[in-house]
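Notes to accompany the following structure.
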Amino acid sequence: MGNKVNPTGIRLGITTGWQSRWFGMKKEYREQLKKDIEIRELITTKWKAAGIASVHVERSANAVRLIVETSRPGVLIGRGGTGIEDLARVIKRRFFAGKKLDLKVDIQEVKNAESNA
């Protein structure tokens, strides 16, 4: 009988990095982690046509940076960059309402979409 191992966990630190990069205090950790997961689910379901490979979240004291890796950035960006503004507005309104946070969304293109599962 073989033991089952999570593929992300075994590759972590060797070929892949963490999806969330931040440090949270004990009281806030659970809420921040839950928000990160909900942000990823929202982005991948709402913008499914963009071919999103992954969403990375970086947090600092008063700023949140989202790095969205996609195979079709034109679908996500939209005409004149209005898609990024809509994305930032939706996330800020839903997850960070009433907080003075600087939300920055970066789009990175995945060059070989066929090789990225």
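Between Ala53 and Asn3, take the C-beta separation as r, use R0 = 25 Å, and let me know the FRET efficiency to the nearest 0.05. Calculated transfer efficiency: 0.30.
Can you sort Asp102, Asp86, Asp36 by 1.4 Å-probe accessible area, starting with the largest?
Asp102, Asp86, Asp36
For the chain, adding -39500 (n - 2.57) for each run of n ≥ 4 DSSP H residues and dividing by the number of residues yields -11500 deg cm²/dmol at 222 nm.
Taking the 1.4 Å solvent-accessible surface of the chain as the whole, the part contributed by carbon and sulfur is 52%. Using a 1.4 Å probe on the protein heavy atoms only, what accessible surface does Arg11 show? Give it in Å² to the nearest 10. For Arg11, solvent-accessible area is about 120 Å². The H on the amide N of Gln108, modeled in the peptide plane, is under 5 Å from the matching H of Val68, Glu69, Thr70, each at least 5 residues off or on a different chain. Here the chain carries DSSP beta bridges of which approximately 40% are antiparallel, counting only pairs with both residues inside.
Solvent-accessible surface of the range 27-104, averaged per residue with a 1.4 angstrom probe and all protein chains in place: 63 square angstrom. Of the residues Thr45, Thr8, Trp22, the one whose Cα sits farthest towards the positive end of the charge dipole of the range 1-64 is Thr8 (charges of +1 on Lys and Arg Cβ, -1 on Asp and Glu Cβ, taken about the Cα centre). Excluding same-chain neighbours fewer than eight residues apart, the lysines reachable from Lys35 by a Cα-Cα span under 23 Å are Lys26, Lys27, Lys46, Lys48, Lys92, Lys99, Lys100, Lys104.
Over every Cα atom in the range 26-110, the radius of gyration and the widest Cα-Cα span, Dmax, amount to 12.7, 42 Å.
Surface calculation, 1.4 Å probe, protein heavy atoms: Ser71 sits at approximately 40 Å² accessible.
The values are calculated or read from the model by the stated rules, or taken from the named source; none is laboratory data. In this text, all values refer to a predicted model and were calculated from it rather than measured experimentally. Glycine gets a Cβ as well: all are built from the backbone with ideal geometry, and neighbour counts include every protein chain shown. The area values use the complete protein model at the heavy-atom level, side chains included, leaving out ligands, DNA and RNA. Shrake-Rupley method; radii C 1.70, N 1.55, O 1.52, S 1.80 Å.
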